1. Out of the residues in the stretch 134-153 meeting the condition of being in contact with an Asp or Glu (Cβ under 7 Å, 6 or more places away or on another chain) and not in a helix (DSSP H, G or I), tell me which one is surrounded by the fewest Cβ atoms within 10 Å (Cβ to Cβ).
2. How many residues does the stretch 200-247 contain that are basic (Lys, Arg) and either within 18 Å of the chain's Cα centre (by Cα) or open to solvent by less than 20 Å² (accessible area, probe 1.4 Å) (or both)?
3. Contact list please: Cβ distance under 7 Å, first residue in the stretch 225-239 and within 18 Å of Lys315 (Cβ to Cβ), second residue surrounded by fewer than 24 Cβ atoms within 10 Å (Cβ to Cβ) and among the basic types (Lys, Arg), pairs at least six apart or on different chains.
4. So Leu294 ticks every box in (1) at pLDDT below 95; (2) away from the ligand (no atom under 15 Å from the Cβ) but one. Which box is left unticked?
5. I need the full set of residues from the stretch 290-319 which are touching a Phe, Trp or Tyr at 6+ places or on another chain (Cβ under 8 Å) and outside any helix (DSSP H, G or I), in order please.
6. Restricting to the stretch 276-289, and then to whatever is more than 19 Å from Glu362 (Cβ to Cβ) and not in a helix (DSSP H, G or I), can you tell me which residue is most open to solvent (accessible area, probe 1.4 Å)?
7. Could you list, ordered by first residue, the pairs with Cβ atoms under 6 Å in which the first is in the stretch 191-206 and in a loop (DSSP other than H, G, I, E, B) and the second is charged (D, E, K, R) and within 16 Å of the ligand (Cβ to nearest atom), at least 6 apart or interchain?
Amino acid sequence: MALDFVYSQPVKIYFGEGTFAKLGEILDELGLQRCVIACGRHFAPTAQAMMEQDARITAVFGGVEQNPQLSGVIETTRLARETKADAVIGVGGGSSIDTAKFAAAIALGDGEALEYYRGEKPFPAERLTIIAVPTTAGTGSEVTQVSVVSHNTEKRTINNPVFMPKVAIVDPVLSSTVPPRTTMNTGLDAMAHALEGYWSKNHQPISDLMAIEAVRLILANLETAYTDGANMEARANMAYASLLGGLSFALPKTAACHACSYPLSEDYHLPHGEACAFTLDSFVRINADERLELLCRRVGLAGTEELAQKIAELKKLASLRSRLSDLGEVDLDKLAHDCAVHGLMANNPVKMDEAALRAMFEKLA
Ligand code: NAD
């Protein structure tokens, strides 16, 4: 097949153990003087200490929750506007990074966060600099132009160049405190990014290469990162795999598995990674074709069935919910319908309509 693609990746990436200590130098290089940090509770005390030590950290919003709410964006935006910030630094999992991205994108506008969220107002032409510092190994949000934010029960993914970070600082040491279950959830999210970027209808050669390496690294390191969180080699390999996973879906976008993760998170409250993992082994089987067989051989597996089994074993190891009976009372008609109508479903290489999705979920009864 003739090669024909467009590839671009605008984020400057600093990767390595201890790299977060370079933040001051990076602020110098970018000429940033007034920065707001958005983070979750685990990092909030550190962020407060940073504010006391460096006058360029002017405010901290330390209350980002999982599946972050628009209220956190509103608060971060308020702080950015009040302190006349020139940058927002998201330190944390995807929830903190996505909150920082959204606040940076709207802080210089005159609208309300909800107006931008609902698409009633275009994003302002000018935005604040975004610095993304992942502390989980999962979302790859540090290299995507995506922000996923919830308003009440609605979880919305907005894909817009205004959310692209200028700099990503990926320091695996920051992920050493992630609890085991979150390590597994986020690691399988990274696996889902790599596989979905690879099998997305929009896949392309450079992204494919990164996807294959991400899958190889995750298969080789996720179990160790889960069982021995202090193992820095496994943490570093997972941080790298997560970055590669982000790069491998950034252009092709994700597909059916992520489409299904939205109803699973909204209606059954699964964390994002667990929601992606819920159907990941099913879609490995459904999407099995020659290309996926090739990926499996390149990562040292016999074929797609072995890949599906490995994913199922990882889920079992961490007791992730993986059957409908684990979700309580399930409205299967609604679940199949909501998955089928999600925009990302159209990227799946195998057409999945409501009946096909229902049949897939019935096998997970
Ligand atoms: P998260 O950010 O929700 O964090 C999970 C939990 O782990 C939180 O309680 C957090 O405070 C805690 N935590 C994070 N780092 C820690 C650390 N080092 N030590 C101890 N605790 C830590 O989880 P996530 O999976 O990284 O992000 C999920 C969110 O990202 C979802 O909303 C998902 O939809 C979104 N997402 C965004 C993109 C994107 O491209 N923007 C891609 C995939 C997922």
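The values are calculated or read from the model by the stated rules, or taken from the named source; none is laboratory data. Since the structure is predicted, the reported quantities are computational estimates derived from the model, not experimental observations. Note: ideal-geometry Cβ built from the backbone for every residue, glycine included; neighbour counts use all protein chains shown. Each accessible area value is taken on the protein alone, full model and side chains, heavy atoms only, with ligands, DNA and RNA left out. Shrake-Rupley method; radii C 1.70, N 1.55, O 1.52, S 1.80 Å.
1. Filtering the stretch 134-153 for residues that are in contact with an Asp or Glu (Cβ under 7 Å, 6 or more places away or on another chain) and not in a helix (DSSP H, G or I), the one surrounded by the fewest Cβ atoms within 10 Å (Cβ to Cβ) comes out as Thr153.
2. Number of matching residues: 1.
3. Close Cβ pairs satisfying both conditions: none exist.
4. Single failed check for Leu294: (1).
5. The one that is touching a Phe, Trp or Tyr at 6+ places or on another chain (Cβ under 8 Å) and outside any helix (DSSP H, G or I): Ala318.
6. Out of the qualifying residues, it is Asp289.
7. Close Cβ pairs satisfying both conditions: Ser200/Lys253.
This table checks each residue for (1) within 13 Å of the ligand (Cβ to nearest atom); (2) open to solvent by less than 10 Å² (accessible area, probe 1.4 Å); (3) under 22 Å from Thr136 (Cβ atoms); (4) without any contact (Cβ under 8 Å) to a residue 40 or more places away in the chain.
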residue	(1), (2), (3), (4)
Val36	no, yes, yes, no
Pro45	yes, no, yes, yes
Thr58	no, no, no, yes
Gln66	yes, no, yes, no
Glu75	no, no, yes, yes
Arg78	no, no, no, yes
Ala87	no, yes, yes, no
Gly90	yes, yes, yes, no
Ala103	no, yes, yes, no
